[in-house]
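K.L.:
Please read through the structure below; I'll follow up with questions.
The values are calculated or read from the model by the stated rules, or taken from the named source; none is laboratory data. It should be emphasised that the depicted structure is a prediction, and the values quoted were computed from it without experimental measurement. Note that we place each Cβ from the backbone using ideal geometry, even for glycine, and neighbour counts take in every protein chain shown. The protein model used for the area step is the full one, side chains on, heavy atoms only, and it has no ligands, DNA or RNA in it. Shrake-Rupley method; radii C 1.70, N 1.55, O 1.52, S 1.80 Å.
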Amino acid sequence: MFSCEVGFVKPERQIYDHLLLKLAVPASQVLFVDDVGDNVEGGRAAGLQAAVFESIDDLRRLLDSAV
């Protein structure tokens, strides 16, 4: 999802709510990863599982642990 297409930007709550509406799954089943802490906190506030990654290795580890 691209901010410019939906009119909301991270970490605004509306973008996470819009994502959940489009995915049609409970927030607790979504893993949101970002390299910006404020965006991750926004995701957590919306009920998503969320984590910061700083490298591709971090991202791989997060994804491996989520499945």
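K.L.:
Taking the range 3-21 as the search range and keeping residues that are in a loop (DSSP other than H, G, I, E, B) and among the hydrophobic types (A, V, I, L, M, F, W, C), which one is surrounded by the fewest Cβ atoms within 10 Å (Cβ to Cβ)? Steps first, answer last, please.
P.N.:
Initial filter on the range 3-21 (in a loop (DSSP other than H, G, I, E, B)): 7-12.
Of the ones still in play, those that are also among the hydrophobic types (A, V, I, L, M, F, W, C) are 8-9.
Values: 8: 17, 9: 12.
By that ranking, first place goes to 9.
K.L.:
A further question follows. List the number of the failed condition for residue 39; all other conditions in (1) open to solvent by 40 Å² or more (accessible area, probe 1.4 Å); (2) in contact (Cβ under 8 Å) with a residue 24 or more places away in the chain; (3) not hydroxyl-bearing (Ser, Thr, Tyr) hold.
P.N.:
Looking at each condition in turn, residue 39 falls short on (1).
K.L.:
List the pairs whose first member sits in the range 22-36 and is assigned to a loop (DSSP other than H, G, I, E, B), whose second member is of a type in the set (A, V, I, L, M, F, W, C) and open to solvent by 60 Å² or more (accessible area, probe 1.4 Å), and whose Cβ atoms are under 7 Å apart, counting only residues at least 6 apart or on separate chains?
P.N.:
Between residues of the range 22-36 that are assigned to a loop (DSSP other than H, G, I, E, B) and residues that are of a type in the set (A, V, I, L, M, F, W, C) and open to solvent by 60 Å² or more (accessible area, probe 1.4 Å), the close pairs are 30/23; 35/52.
K.L.:
Every residue in the range 48-62 that is touching a residue at least 24 places away in the same chain (Cβ under 8 Å) and either assigned to a loop (DSSP other than H, G, I, E, B) or under 21 Å from residue 2 (Cα atoms) (or both), please.
P.N.:
48, 59
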